[in-house]
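Report on the structure given below.
The values are calculated or read from the model by the stated rules, or taken from the named source; none is laboratory data. Treat the numbers as computed from the prediction; the structure is a model and nothing was measured. Every residue, glycine among them, receives a Cβ derived from its backbone with ideal geometry; neighbour counts consider all protein chains shown.
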Amino acid sequence: MRVAVVGSGGREHALATVLGRTADVVVTPGNPGIPGSASLDPESLGPDVADLVVIGPEAPLVDGLADRLRASGQRVVGPGADGARLEGSKAWMKQLFVESGIPTARHGAFDTTAPALAFLDTLGDLFVVKTDGLAAGKGVVVTTSRVEAEQAVREYLSGSAFGDAGRRIIIEEGFTGPELSVFALCDGTRAVAMGAARDHKRIGDGDTGPNTGGMGASLRCQGPTMPLWTR
């Protein structure tokens, strides 16, 4: 079986390593540390090039790459643009939660500074400021400092921090405690559970320092042949 993995980061390296146990894998664009890297046009990864395409990064998913490949007859692991919008717009995701009755933190969406700063005044002592758009996992500030939260609001909305991705922001009340993410593959009708992981978000030991993109995640897969492993 021929599998093409789209992306160039650690996520794609892990996917390629596991898929390579049972398939011939090419990674595009990849990087010098990922075996099988090759510069291919993702738009050309039709059935004549690969039997399956696995798309790792959020940006091409939000841009609709999976939709276009499926329209060409390709098998794809990755949501269409409609599903990827959950990641591509946090404001839209929050609104979907509210409309669907899914519990979520108290929040507000803002594209101007004054209302955003006023909302900060309604929160407790833990502030969460997020870009609405994609910021490569870096567009989140979690802080107990009102001054730091205000600085993030101003930098995001001005575009100086993350460009257009931050010109609309989400501000949330902060929660404390362990984080748990449960993963599943879904085709729109069926869902297959893949396991659960917990990110260790802060950069320093003892939950100190700034928020990271989730480095140091641990994953526990259930089943007799799926042991505990940590990356």
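Quick check on segment 70-109: of everything there that is in contact with a Lys or Arg (Cβ under 7 Å, 6 or more places away or on another chain) and of a type in the set (A, V, I, L, M, F, W, C), which residue is surrounded by the fewest Cβ atoms within 10 Å (Cβ to Cβ)?
In the first step, residues of segment 70-109 are kept if they are in contact with a Lys or Arg (Cβ under 7 Å, 6 or more places away or on another chain); the result is 76, 90-92, 104, 107, 109.
Checking which are of a type in the set (A, V, I, L, M, F, W, C) leaves us with 76, 91-92, 109.
Details: Val76: 22, Ala91: 19, Trp92: 14, Ala109: 19.
Among residues in segment 70-109 that are in contact with a Lys or Arg (Cβ under 7 Å, 6 or more places away or on another chain) and of a type in the set (A, V, I, L, M, F, W, C), the one surrounded by the fewest Cβ atoms within 10 Å (Cβ to Cβ) is Trp92.
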Which members of segment 153-182 meet the condition of being of a type in the set (A, V, I, L, M, F, W, C) and either under 20 Å from the mean Cα position of the chain (by Cα) or not assigned by TED's automatic domain parsing to the domain that holds Pro115 (or both)?
-> Ala161, Phe162, Ala165, Ile169, Ile170, Ile171, Phe175, Leu180, Val182
Residue list for segment 9-25, filter: surrounded by fewer than 19 Cβ atoms within 10 Å (Cβ to Cβ) and not in a helix (DSSP H, G or I) | Gly9, Gly20, Arg21, Thr22, Ala23, Asp24
Flagged in segment 26-69 as crowded, with 17+ Cβ neighbours inside 10 Å and assigned to a strand (DSSP E or B), in numbering order, are Val26, Val27, Thr28, Ser37, Leu52, Val53, Val54, Ile55
Could you give me the residue pairs with C-beta distances under 6 Å whose first residue belongs to segment 43-55 and is at pLDDT below 95, whose second residue is among the hydroxyl-bearing types (Ser, Thr, Tyr) and part of a loop (DSSP other than H, G, I, E, B) wherever it lies, and which are 6+ apart or on separate chains?
-> Gly46/Ser72
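What about Ile203, is it within 30 Å of Gly80 (Cβ to Cβ) and in contact with a Ser or Thr (Cβ under 9 Å, 6 or more places away or on another chain)?
Working: within 30 Å of Gly80 (Cβ to Cβ): no; in contact with a Ser or Thr (Cβ under 9 Å, 6 or more places away or on another chain): yes.
The answer is no for Ile203.
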